[in-house]
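Scroll down for the structure; my scribbles are underneath it.
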Amino acid sequence: MTGLHTPPQAVSGDVTLLDSGVYDGSSVTQPNVGGQWSYSFSEAGMQVQATGPTAESVTAKIDDLVARIRASVSARENAKHVAPSQRVRILVSSGPPPVYFVSGSHTRALAGMGLVSALSIAAMAQFLRGREGWL
């Protein structure tokens, strides 16, 4: 469900897609409540995450994933002729999904631009010093 990008295995359930370097994608995972050395998927729940360029695209991805999960569960239950009283109830934990906006650091961007500029000037000066004998 992660699309073309497979994020690295997270060591904590608190690691988000954005933390894994996925800026435009989605994932559906079951929380691992086990410790460092063992897995335990004992909770009957899933975590649906999405990242994207706009709040609308993130909301649309999450809505699509929840609809696909519902359809998949329903198709399996229909194929096995599960009685209506025994079917899985899918509950969404909140109303509209919470969307968080993340932006870069202006200070780091300016520092990076300054560093690149300084290195470029130093390289150009070194290049021009080497060409002095040719003129």
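Picking from residues in the stretch 75-92 that are assigned to a loop (DSSP other than H, G, I, E, B) and not hydrophobic (A, V, I, L, M, F, W, C), the one that is least open to solvent (accessible area, probe 1.4 Å) is Arg87. Suppose the filter is open to solvent by 30 Å² or more (accessible area, probe 1.4 Å), within 30 Å of Gly104 (Cβ to Cβ) and at pLDDT below 80; does Asp24 pass it? Answer is no for this residue. Suppose the filter is aromatic (Phe, Trp, Tyr) and outside any loop (DSSP other than H, G, I, E, B); does Phe127 pass it? So Phe127 passes the test. Looking across the stretch 16-74, the residues that are touching a residue at least 40 places away in the same chain (Cβ under 8 Å) and in a helix (DSSP H, G or I) come down to Ala55, Val58, Thr59, Leu65, Ile69.
In the set (1) hydrophobic (A, V, I, L, M, F, W, C); (2) more than 30 Å from Pro53 (Cβ to Cβ); (3) open to solvent by less than 100 Å² (accessible area, probe 1.4 Å), the condition left unmet by Ala109 is number (2). Please work out if Leu65 is hydrophobic (A, V, I, L, M, F, W, C), under 26 Å from the mean Cα position of the chain (by Cα) and surrounded by fewer than 10 Cβ atoms within 10 Å (Cβ to Cβ). Against the criterion (hydrophobic (A, V, I, L, M, F, W, C), under 26 Å from the mean Cα position of the chain (by Cα) and surrounded by fewer than 10 Cβ atoms within 10 Å (Cβ to Cβ)), Leu65 does not qualify.
The values are calculated or read from the model by the stated rules, or taken from the named source; none is laboratory data. The shown structure was predicted, so the numbers you read here are calculated from the model rather than taken from an experiment. Every residue, glycine as well, gets a Cβ built from its backbone with ideal geometry; the counts of neighbours run over all protein chains shown. Note: accessible area is taken over every heavy atom of the protein model, side chains too, but ligands, DNA and RNA are not part of it. Shrake-Rupley method; radii C 1.70, N 1.55, O 1.52, S 1.80 Å.
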